[in-house]
Each structure stands twice: as C-alpha cells, then as structure tokens.
Amino acid sequence: MKFGHFDDQKREYVITNPRTPWPWINYLGNEDFFSLISNTGGGYSFYKDAKFRRITRYRYNNVPMDSGGKYFYIKDGDSIWSPGWKPCKTELDKYECRHGMNYTNIKGEKNGVTANVLYFVPLKTWAEVQKLTLSNNSKETKKLKIFSFLEWCLWNAASDMENFQRNFSTGEVEIQGSVIYHKTEYKERRDHYAYYSVNVPVQGYDTDRESFFGLYNGFDEPQVVSEGKAHNTEAHGWSPIASHYIEVELKPGESKDFVFVLGYVENKEDEKWESKNIINKKKAKDTIAKFDTAAKVDAAFAELRKYWDNLLSIYTVDSGDDKLDRMVNIWNQYQCMITFCFSRSTSFFESGIGRGMGFRDSNQDLIGFVHQIPERARERIIDIASTQFPDGGCYHQYQPLNKRGNNDIGGGFNDDPLWLILGTVSYLKETGDFAILNEMVPFDNDMSVARSLFDHLTVSFDHVANNLGPHGLPLIGRADWNDCLNLNCFSNDPNESFQTTENKTEGTKAESLMIAGLFVVYGRDYADLCKRLCKNDEAARAQKLVSAMEVAIKKHGWDGEWFIRAYDYYGRKIGSNENEEAKIFIESNGWCTMAGIGKEEGLCTKALDAVKERLDCKYGIVLNNPAFTKYYIEYGEISSYPPGYKENAGVFCHNNPWIMIGETVVGNGERAWDYYRKICPSYLEDISDLHKTEPYVYSQMVAGKDAFKPGEAKNSWLTGTASWNFYAISQYILGIRPDYDGLLIDPCIPGSWKGFKATRKFRGDTYHIEVVNPHGKSKGVSEVEVDGKHQKSNIIPVFGDGKEHRVKIVIG
Ligand code: BGC
C-alpha cells in the first residue's frame, strides 16, 4: 500500500494520506539553523546543536505519536481544523504534503477554504520562514480566525526534560507588536534569544501554555481556539509558547498570504540590551524585514531551489529506470547531505540529546557528500581529526556546538581511526587538494600538540598496527564498526550500558576480522598516498604491514567457506561453522572481499556465495545467521536483541553495500544490483504499510528473516546506509569513480542492461558519459572514447578547461 507518490520533476515526495504508518519527515536548513518537520507539521527547530540550542520543544515517543510542532489552527464558524490534519484531526476535504529539498509544503482544504503552508529555512539565514496562504474557493465571504502555535524549549533539550523544579520558574518572554520573543536565561549566561513573528498586525497573542490550551486539553483542542479569542497572556515561568491570533476576511476567490518567521539571534555582551531587561531586537527585526512580504519569501525560496539544482547536477544518471534515477539523482544524495549535517544526532529516532557527530560515522558520511560541497567536507575532516589522540585513538563522537570530543557513548572502538583515512582519501580524490595534508591539526583540540593532517593519517594507520592480538589480527577494543559486538565487556548488570561500562583489558585476545579487512583496504590507500607524496620508505613500511595482515587473514581468518568474524576474549572463533549460533557474519565477508583477499584462490567468490546462501533474504542481507537466541555474556549487546532485529540478524542496511561492492570486485553485476534493489526505498514504496518508514530515504535497519515482522524498517534518515549505498551504486555499480589522476570508469552491471548515460562534474569539468553494453557483459571495459578519440586507459583525464567532454565506454 502506498501513501503518496514521487514527483521527480519537482524533486518531491507527495504524501496524500496523512495517516502514514509512521511520521514521514523532512529536514529544513542545511548549515546553522535547522528544523525537523513531519507530514502533519510535527517537529522542532534548533541552532547548530539539537542538544544545547533547542529552540522549540518536542516530546519523543509520545502518545499519540508525533505530538507537538509548528501548528496552525483555523476556525471557520464552528469548524476547527489544521492544514496538516494534525493536531485537530478534523477530516479534511483535501490533504497534501510535499517534502522537497530542504522545504515542506503542507496543504489542507476544508469547506471551500485552502490553507497552504510552505516551510523552509532560507539560505544563510538563522530562521525558519512559514508562508501561509489562505484561499477562499467558496461562493461566500469567509470570516476566519487563525491561531499559530509553537512551544519554546528552554534551550538545553536534556535539562528541559528533567529539571522541572528549576525550569518551571525560569521562562521569560517579551511581546512587541506581532513579534513574540523567547528570552529565558538571556539575562544571565546566554547570548541568544529566539522570536516568532508574523508580517501583519495581530488581534491577540498567547505565550502561557496552560492558558492557551486549558489545563486538561491536548494539542487538538486549545481552549483559546475553541473560544475563538486569544487571552493575551504573558508567560512567567512554566512553559512559554508563542501563538498569534489573526482575524481574516476572504471574499469568494480571494487569497491572502501571511509570513511567519521563527528566528534565532546571538548578541555580543555589550549589545545585549536595549534598556534594562529589554532585549536588543535589532538583529531579529533585520531578519524579519528580509521576509516581510510574500514576494521576498518567494525570491528566497527560488534561491533555495536553485542551490539544490546546482548541487544535484554534479552526478546524474539516466538509466531508463525511474526508481533508480530518482534515488541516485535526488533522494539518496539529499539524504547524504542530511547525514553530513547531523551525523547520528537528530531524527525521529535519534533524540538530539543522545548522540553527536560520530568519528567513524561522520567520516563514512563524507563518501556520499564530498562531491557536493568539498569545502565543507574539508572543514569536517579537520574537525574530526582534531578530536584524535596522539596515539591515533580517538573520541567516538563530538558535540556539534563546541566541536569537542566526549566519551558520553563510550570510547576505544578500534575501527575508528581507520575511517579518517577513508574520509581524507575520498576528499583528495575528489578535489586533488593535497594542501589539506599540510594543515596543522590539534590532538584532542589542543593546538599546542598539533601535527599535520598527514601525521594524523599515520597515527590512524599505526593505531591498528600497534594493537594486534595473538593471531596478528587487530584487537577489537570496545567493539569495531559493530558497536554491539562487545567482546571485552562481560556485563551482567542491567543498570550499566554495554557501550560505556568498564571493559576488561588484561589478557584480552579479542580480535576483529572486520578491522583486519578494513586495514587492508585503507592501509593500501595509505601506502598509495605515501607513494604519491614520494614518501617511499613510509609506503614500503605500510605495505609490509598490510601484506602481513593479508597473510594473517588467510591463515587465521578463513573458515573453509567464508571469513570468520572475530576471536573472542578467550581466543575462540566467532562467525565460524564451529559455532552453534551466528556461524557467519556479513561485515568480515564484506571487508575481506572488498579487499580482494584470496581472490585468486577463489576465497572471495566462495565467501560471497556463502553470504548469498545463508544471509540473503527477501528484504536484504541479514547481519548474521543463525540469529542469536540467547544472551552470550562474552559477546555483549549483539546477543541482547531479539532475533532478526538490529545487530542480531537484522538487515542492517549500512553494511549491505559492502557485499554489493564485494560482488563488483569479483564481477558479479547481477548480484550487486539485486542486493542494491532489495533495500533501496523507492523499490519498496508499494509495501509502505509493512516497511513503515519513508519510501524516499534509507532506514538503518529492516527486520530480517528471523524477526517477528520481516520487512519492517526502523531508524530512518541518520544512517551510514545513505552514503554507502550512494558510493556503491555511483562508484562501483555504475562505476564512475573519482581517482587521483582523473575519473575512473569501471561499471559492473547486470548483463541484461543495454547501458546507461550519466553526467559527472569533476574538478571543474563536465563529463557526459555514455556506457554501452552490446555484448551483454557485466564488467570490463573494451573501448574508451573521449571527445571522439580512442584512449587505452579507462581513467578519463582531468582537462582543467572547465568545458564539457564526451566519454563513451563499451563494456566487454
Ligand atoms: C552507529 C554506527 C555503528 C552501527 C553498527 C550505528 O547505530 O551509528 O557507528 O557502526 O550502528 O553498530
């Protein structure tokens, strides 16, 4: 069952039934000021950091689901309704929500009145603009009463939810004309306030929540709206809100626009006040003035559209398959921008107070984003590397506001450092900007111990080389990419977290085959980079360590049919045929085949066949099989999940592309494509009722074959799935891959494909690429033509002339 449809021309998903199986959301803003918005107007806003600068309040996991947001109530006689259906839930005559690139347009119609709300954050603006257009399509004059609504958050979203003995006394507002200012804590240590304005005179307002709703009412029946009159309240403590009350008369056929601005301001210490206790409103007024007419809003909106036209013109494909094209050209790249902005911090599954910017996560996010805005990728690489320690280890995450690492969700994950090599090398291949390697980057944010970014890569590489276990394989530390494989934890106390509790360090033998494969892939990248920089001794040293790892993997990591997953604390195998449960895992088989380990001897094909046989299912490749059915204290959190969910045999979509890429290494284009399609959201649109989450973005996990409800997805938006799938499809299946010396073209597609066309902008030039497949092959390039001339290599050179170039590739 579907709940809407794609509009590819406009790059929108159009939801036509508000009762989606889960709130289907979108993100507004892509730099400093952000909002999350659901298809019924639920969600919240924040500045930079969803924990420390939460501007409006939102209650997670509430009943009913998705309660609270930026709402409009329309009173038309006795009928009270909202354009997004919620919160009133009055049945609408028509409803439509269009989620687009950083904007959402919600339209409701009732009794001949249409209310259309366009929500977006204009470029370079610390505010969300809402343009409400009311139209009277009926034959009579309508006298409407409009109430806006939002609830302020007292800034720190964590303490806002727990410290009520203080919070209920601190709230402060100021009201001037049609602007409501939220200034809680401004007179002490904060240099910021927020405001909510409308560009017409108001007939009233409310800022005290209980007066607005009535003490025992919900969002669906505010007392003020039922009464049809604002109470003009000024909040003192408790829970401040902002609501404007506007009376509107519309003649038949008439439309009126109203522009609301929800903004954020920072003032310097000596510019905070206008007079005693009266805040300096200059910056707020300047922003409000920029958007005080519908025409100004439309112009800002057109700029946002243009910005996305440009970003999405860098990589486009024309494959003849709408579902594929819309993912590659629109939604997957869009999701990559969102994961770049938020890492794993804030979605409808991530509360914004739990996690920040992950070291491994944000590095991986770069591979789907770096081509879009390389300058921002550059800054991110430096920010991430700045949280590293001198020995190459690192904080597992940092907070976006202060960019400082912290241990809030644990530390000592031994895969972390290697991802910095991936992030940096991807940036170098995209841009050719080797100067970044000379940037001086602090350790643990301490500039007095800064070293070059290149040195950070060296310590990243060495952190693995210096932490090998008894088989010469990498020690896992707290866990590797799989956070839940806690081999040194041994937790029997339900009150402690698997991620932060003290681990056993003495005598541990727990080693990771996944880190081993990762080390071979990125160790080779590191060695290559050294060669390119003419650091030949260092290249040789690195290559030697990588080769030794390959030997160790073949010797101690091969189980006969596939690669084992790890050795546990006692030195026993995990992910081996010897095990009773979880005999095989996806991660080590993905990384060891991506590394091509034992390819000549057939190990890669064998391992991939075992994955196909044991892990593949209708909804994708599950993480392990058979699923754990009991708790293994020596394995940790992984065995705590019920079978088929999350890291215990769920289809963990993040790691499926590793197998897709592995399949391209051995040239199996059919399988790579089959795996791609199985988890790709646009192909799942028809089963939205089962899948539950948005059909336009990837989710972290789809319940696997052992689950109670296979095919049901959870945790949409913020997942490494976005960047890895874009990387797999764009660089390995379609095979258009940035390299140091040019654009490498090496597709691996199903033999039945006749070919495809793509456009790639790369280092200032534009390449129009046509791939043809006359012989029904999957892989191999038999002919290359560039601007009408044959060339031997399938690396298309960088011309550097800023011009358009035609490339023709024959597969065979
Ligand atoms: C985390 C990743 C981790 C993955 C697998 C995700 O929730 O953000 O860092 O690699 O889970 O455990």
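The values are calculated or read from the model by the stated rules, or taken from the named source; none is laboratory data. Remember, predicted model here, so these are calculated numbers, not experimental data. Because the Cβ atoms are built from the backbone with ideal geometry, glycine has one as well, and the counts that use them run over all protein chains shown. For accessibility, only protein heavy atoms count, side chains too; no ligands or nucleic acids. Shrake-Rupley method; radii C 1.70, N 1.55, O 1.52, S 1.80 Å.
Looking only at strands (runs of 3 or more DSSP E) that fall completely inside the range 8-117, which ones have 2 or more residues that are within 20 Å of the chain's Cα centre (by Cα)?
On the way: elements: 12-15, 25-28, 33-38, 43-47, 54-56, 71-76, 79-81, 94-100, 103-110.
It comes to 12-15, 25-28, 33-38, 43-47, 94-100, 103-110.
Here are ILE55, ILE74, ILE25, ILE15: which of them is under 28 Å from GLU227 (Cα atoms), at pLDDT 95 or above and open to solvent by less than 10 Å² (accessible area, probe 1.4 Å)?
Working: ILE55 fails: under 28 Å from GLU227 (Cα atoms); ILE25 fails: under 28 Å from GLU227 (Cα atoms); ILE15 fails: under 28 Å from GLU227 (Cα atoms).
So the residue among ILE55, ILE74, ILE25, ILE15 that is under 28 Å from GLU227 (Cα atoms), at pLDDT 95 or above and open to solvent by less than 10 Å² (accessible area, probe 1.4 Å) is ILE74.
Please find, among ASN232, ASN199, ASN217, the residue that is within 23 Å of LYS283 (Cα to Cα), modelled with pLDDT of 95 or more and polar (S, T, N, Q). So that I can check it myself, show each step before the final result.
Details: ASN232 fails: within 23 Å of LYS283 (Cα to Cα); ASN217 fails: within 23 Å of LYS283 (Cα to Cα).
Selected residue: ASN199, the only one of ASN232, ASN199, ASN217 that is within 23 Å of LYS283 (Cα to Cα), modelled with pLDDT of 95 or more and polar (S, T, N, Q).
Listed residues ALA607, ALA542, ALA552; which is of a type in the set (A, V, I, L, M), in a helix (DSSP H, G or I) and surrounded by fewer than 22 Cβ atoms within 10 Å (Cβ to Cβ)?
Numbers: ALA607 fails: surrounded by fewer than 22 Cβ atoms within 10 Å (Cβ to Cβ); ALA542 fails: surrounded by fewer than 22 Cβ atoms within 10 Å (Cβ to Cβ).
Checking each option against the conditions leaves just ALA552.
Counting only residues that are surrounded by 18 or more Cβ atoms within 10 Å (Cβ to Cβ) and not in a strand (DSSP E or B), how many does the range 118-148 have?
Adding up the residues that qualify gives 4.
Taking the conditions exactly as written (at negative phi, among the acidic types (Asp, Glu) and open to solvent by 10 Å² or more (accessible area, probe 1.4 Å)), does ASP365 satisfy them or not?
Working: at negative phi: yes; among the acidic types (Asp, Glu): yes; open to solvent by 10 Å² or more (accessible area, probe 1.4 Å): no.
When the stated conditions are applied, ASP365 does not pass them.
Just give me the residues in the range 280-292 being open to solvent by 10 Å² or more (accessible area, probe 1.4 Å) and in contact with a strand residue (DSSP E or B) (Cβ under 7 Å, 6 or more places away or on another chain), in sequence order.
Just the residues of the range 280-292 that are open to solvent by 10 Å² or more (accessible area, probe 1.4 Å), to begin with: 280, 282-283, 285-292.
Selection gives ASN280, LYS283, THR287, ILE288, PHE291, ASP292.
Just name the residue that is nearest to ASN648 (Cα to Cα) out of those in the range 475-488 that are open to solvent by 10 Å² or more (accessible area, probe 1.4 Å) and within 14 Å of the ligand (Cβ to nearest atom). Please lay out each step first, then the result.
We begin by selecting, within the range 475-488, every residue open to solvent by 10 Å² or more (accessible area, probe 1.4 Å); these are 475, 477-478, 481, 483.
Next, only the ones that are within 14 Å of the ligand (Cβ to nearest atom) stay: 477-478, 481, 483.
Numbers: GLY477: 20, ARG478: 18, TRP481: 14, ASP483: 12 Å.
Residue satisfying both the conditions and the ranking: ASP483.
Would you check which residues across the range 712-737 are of a type outside the set (Ser, Thr, Tyr), open to solvent by 10 Å² or more (accessible area, probe 1.4 Å) and either more than 30 Å from LEU36 (Cα to Cα) or away from the ligand (no atom under 16 Å from the Cβ) (or both) and list them?
Listed by number, the residues that qualify are GLU712, GLN731, ARG737.
Quick check on the range 329-349. Is at least one of its residues within 16 Å of the ligand (Cβ to nearest atom), among the basic types (Lys, Arg), touching a helix residue (DSSP H, G or I) at 6+ places or on another chain (Cβ under 9 Å) and at pLDDT 95 or above? Break it down into steps so the answer makes sense when it comes.
Taking the range 329-349 first, the residues within 16 Å of the ligand (Cβ to nearest atom) are 335-336, 338-349.
The next check asks that each one be among the basic types (Lys, Arg); those that pass are 344.
From what is left, the residues that are touching a helix residue (DSSP H, G or I) at 6+ places or on another chain (Cβ under 9 Å) are 344.
With the extra rule that they be at pLDDT 95 or above, the set shrinks to 344.
Yes; the residues of the range 329-349 include at least one that is within 16 Å of the ligand (Cβ to nearest atom), among the basic types (Lys, Arg), touching a helix residue (DSSP H, G or I) at 6+ places or on another chain (Cβ under 9 Å) and at pLDDT 95 or above.
Regarding the range 759-768, can at least one residue be identified that is surrounded by fewer than 21 Cβ atoms within 10 Å (Cβ to Cβ) and under 17 Å from SER426 (Cβ atoms)?
Within the range 759-768, one or more residues are surrounded by fewer than 21 Cβ atoms within 10 Å (Cβ to Cβ) and under 17 Å from SER426 (Cβ atoms).
Working only within the range 313-340, note down all residues that are over 11 Å from ALA722 (Cα atoms) and surrounded by 24 or more Cβ atoms within 10 Å (Cβ to Cβ).
Correct list: empty.
Would you point out which residue out of LYS142, LYS131, LYS107 is at pLDDT 95 or above and within 15 Å of TYR196 (Cβ to Cβ)? So that I can check it myself, show each step before the final result.
Values: LYS142 fails: within 15 Å of TYR196 (Cβ to Cβ); LYS107 fails: within 15 Å of TYR196 (Cβ to Cβ).
The match here is LYS131.
State all residues of the range 641-661 that are under 21 Å from the mean Cα position of the chain (by Cα), outside any helix (DSSP H, G or I) and either more than 15 Å from ARG614 (Cα to Cα) or not aliphatic (A, V, I, L, M) (or both); if no residue qualifies, say none.
Answer for the range 641-661, where residues must be under 21 Å from the mean Cα position of the chain (by Cα), outside any helix (DSSP H, G or I) and either more than 15 Å from ARG614 (Cα to Cα) or not aliphatic (A, V, I, L, M) (or both): TYR645, LYS646, GLU647, GLY650, PHE652, CYS653, HIS654, ASN655.
Could you identify the single residue in SER452, SER512, SER491, SER448 that is within 16 Å of the ligand (Cβ to nearest atom), at pLDDT 95 or above and not hydrophobic (A, V, I, L, M, F, W, C)?
SER512
Considering only the range 678-702, state which residues are within 16 Å of the ligand (Cβ to nearest atom) and among the hydrophobic types (A, V, I, L, M, F, W, C). Please lay out each step first, then the result.
We begin by selecting, within the range 678-702, every residue within 16 Å of the ligand (Cβ to nearest atom); these are 679, 693, 697-702.
Those that are within 16 Å of the ligand (Cβ to nearest atom) and among the hydrophobic types (A, V, I, L, M, F, W, C): ILE679, VAL697, MET701, VAL702.
Here are the criteria: (1) outside any helix (DSSP H, G or I); (2) touching a residue at least 12 places away in the same chain (Cβ under 8 Å); (3) among the small types (Gly, Ala, Ser); (4) on the phi < 0 side of the Ramachandran plot. Tell me which single one SER426 does not satisfy.
Tallying (1) outside any helix (DSSP H, G or I); (2) touching a residue at least 12 places away in the same chain (Cβ under 8 Å); (3) among the small types (Gly, Ala, Ser); (4) on the phi < 0 side of the Ramachandran plot, SER426 fails exactly one: (1).
Among what's in the range 636-646 and is within 13 Å of the ligand (Cβ to nearest atom) and buried (at least 24 other Cβ atoms within 10 Å of the Cβ), pick the residue that is farthest from ASP493 (Cα to Cα).
Filtering the range 636-646 for residues within 13 Å of the ligand (Cβ to nearest atom) gives 636-638, 640-641, 645-646.
If we keep only those that are buried (at least 24 other Cβ atoms within 10 Å of the Cβ) too, we end up with 636, 638.
Working: GLY636: 12, ILE638: 16 Å.
This residue is ILE638.
Looking only at the range 350-388, count how many residues are away from the ligand (no atom under 15 Å from the Cβ), in contact with a strand residue (DSSP E or B) (Cβ under 8 Å, 6 or more places away or on another chain) and part of a helix (DSSP H, G or I).
So the count comes out to 3.
If you go through the range 662-678 one residue at a time, how many are assigned to a helix (DSSP H, G or I) and open to solvent by 10 Å² or more (accessible area, probe 1.4 Å)? If you could, list the steps in order and put the result at the bottom.
Taking the range 662-678 and keeping what is assigned to a helix (DSSP H, G or I), we get 662-665, 669-678.
Checking the rest, the ones that are also open to solvent by 10 Å² or more (accessible area, probe 1.4 Å) come to 665, 670-671, 673-674, 677-678.
Number satisfying all stated conditions: 7.
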